[in-house]
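Q: Sharing a structure with you now.
The values are calculated or read from the model by the stated rules, or taken from the named source; none is laboratory data. Note that the coordinates shown come from a computational prediction; the quantities given were computed from them, not determined experimentally. When we count neighbours, we look across all protein chains shown, and the Cβ atoms used for this are built from the backbone with ideal geometry, even at glycine.
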Amino acid sequence: MGEHYTSIELFAGAGGLALGLEQAGFHHVGLIEKDKDAAATLRLNRPDWNVLCEDIAEVAERDLEAEFNIKRGELDLLSGGAPCQSFSTVGKKLGLEDTRGTLFYFYAVFLTKLQPKIFLFENVKGLRTHDHGRTYKTILNVFEEAGYYVTNSVLNAWDYGAPQKRERLFTVGIRNDFKGVGSFSFPLPNELKPVIGDVKLDVHPAKEECAFYSEKKKKIMELVPPGGCWQDIPIEIAKEYMGASWYLEPVGMGKTGILRRFKLDEPCYTVMTSATGSYTERCHPLEVRPFSYRENARFQTFPDEWFFTGSLASKYRQVGNAVPVSLAKALGKQLCLYINMIDERGSIDV
């Protein structure tokens, strides 16, 4: 089961979602990624993958059946997560036309043209409440217009083998002609939840592998014990470091992520696209530095054999934007089970 299931992935990034789906049993007939470094990462690790480093707007205009050598209705899975800006509410149709000019529009074009059996749409948890819920309502209406009924769930990567608290919204769509094939079930959480200490940590990584704090920031961070934050250092130093946010109520908005240093027996917070962003500290428990990009990749459950291309900043960005591989695999297995039920029922012309 699963070895023959085909997928096309949009906004593929460095391959976290694609790798997890591959491990679950999907064969990618195409991946689209505009960023040159991320596309190079995909090609480096999977030379046999059909990676298109192009603007999705241009690809979407082409004959997609000919492009990917697959007939309308035959594709098993369309996957990916488009950034969702505020949509137009001028006409208030809350449909496809409202999404023109956004990247989501092209996801919808692929869906409409190829009519895969199912789709997987990944995005940030906040999408459900963005613009008072109108953005997600528009998206759901577009999926309905395209001929799908949907289910969704917010999943935390920590529940699926990643030593990281990372919540994402996953929307799964089933083509309407398969409505009678039971219901799709999201994966059940694992009982075992890994922590930072379960991951191989680097020892004094080189500057090519890791970003470092300025000397001033390092001296301040040295005052923070593992498991601590700004609340654990002298008030005068914390006040100077935090600047205007110190005066927000409650103090520092109560955010313990500022000057945050982790300890070995806890999971990491959501891996970010930058290692040294203001007020998003992810300080190493054993050394006074950010996590290396490879340590971040391990939190995202990429294997060490998965190499990243580009500058150090690009590598951090690719890793931070990825879907954790273990979570993608868990989702992929459930998608395979459902497609298997569809196939047992027999193919239906669209």
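Q: Among the residues in segment 284-295, are any polar (S, T, N, Q), buried (at least 19 other Cβ atoms within 10 Å of the Cβ) and either without any contact (Cβ under 8 Å) to a residue 12 or more places away in the chain or not in a helix (DSSP H, G or I) (or both)?
A: Yes, some residue in segment 284-295 is polar (S, T, N, Q), buried (at least 19 other Cβ atoms within 10 Å of the Cβ) and either without any contact (Cβ under 8 Å) to a residue 12 or more places away in the chain or not in a helix (DSSP H, G or I) (or both).
Q: When both residues are 6+ apart or on different chains and their Cβ atoms are under 9 Å apart, which pairs have a first residue that lies in segment 67-79 and is at positive phi, and a second that is of a type in the set (A, V, I, L, M) and modelled with pLDDT of 95 or more?
A: From residues that are at positive phi, the pairs are ASN69/VAL29; GLY73/LEU114.
Q: THR309 - would you say it is among the polar types (S, T, N, Q), surrounded by fewer than 18 Cβ atoms within 10 Å (Cβ to Cβ) and either more than 21 Å from ALA40 (Cα to Cα) or touching an Asp or Glu at 6+ places or on another chain (Cβ under 6 Å) (or both)?
A: Answer is no for this residue.
Q: Within segment 174-194, how many residues turn out to be in contact (Cβ under 8 Å) with a residue 60 or more places away in the chain and either closer than 16 Å to ARG289 by Cα or not in a loop (DSSP other than H, G, I, E, B) (or both)?
A: 4
For (1) crowded, with 24+ Cβ neighbours inside 10 Å; (2) more than 17 Å from the chain's Cα centre (by Cα); (3) of a type in the set (A, V, I, L, M); (4) in a loop (DSSP other than H, G, I, E, B), each residue gets a yes or a no:
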site	(1), (2), (3), (4)
THR6	no, yes, no, no
GLY13	yes, no, no, yes
LEU17	yes, no, yes, no
GLY20	yes, no, no, no
HIS27	no, yes, no, no
LEU31	yes, no, yes, no
ALA39	no, no, yes, no
ARG43	no, yes, no, no
TRP49	no, yes, no, yes
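Q: Now for a different question. For a quick check of your reading of the model, give me the residue pairs whose first member lies in segment 195-222 and is more than 12 Å from TYR293 (Cβ to Cβ), whose second is surrounded by fewer than 16 Cβ atoms within 10 Å (Cβ to Cβ) and β-branched (Val, Ile, Thr), with beta-carbon atoms closer than 9 Å and at least 6 apart or on different chains.
A: ILE220/ILE237
Q: Turning to a different aspect of this structure: Filter segment 149-205 down to the residues that are among the small types (Gly, Ala, Ser) and out of contact with any helix residue (DSSP H, G or I) (no Cβ under 7 Å at 6 or more places or on another chain), then identify the one that is surrounded by the fewest Cβ atoms within 10 Å (Cβ to Cβ). Show your work before the answer.
A: Within segment 149-205, the first condition is being among the small types (Gly, Ala, Ser), and the residues that meet it are 153, 157, 161-162, 173, 180, 182-183, 185, 197.
With out of contact with any helix residue (DSSP H, G or I) (no Cβ under 7 Å at 6 or more places or on another chain) added as a condition, the list becomes 153, 180, 183, 197.
Numbers: SER153: 14, GLY180: 6, SER183: 8, GLY197: 14.
Filtering segment 149-205 for residues that are among the small types (Gly, Ala, Ser) and out of contact with any helix residue (DSSP H, G or I) (no Cβ under 7 Å at 6 or more places or on another chain), the one surrounded by the fewest Cβ atoms within 10 Å (Cβ to Cβ) comes out as GLY180.
Q: Additional query: Looking at segment 30-66, which of the residues that are among the charged types (D, E, K, R) and free of Cβ contacts under 8 Å to residues at least 12 places away in the same chain is nearest to ALA313 (Cα to Cα)?
A: ARG43
Q: So ARG282 passes all but one of these: (1) over 22 Å from the mean Cα position of the chain (by Cα); (2) modelled with pLDDT under 95; (3) of a type in the set (Lys, Arg). Which condition number does it fail?
A: The failed condition is (1).
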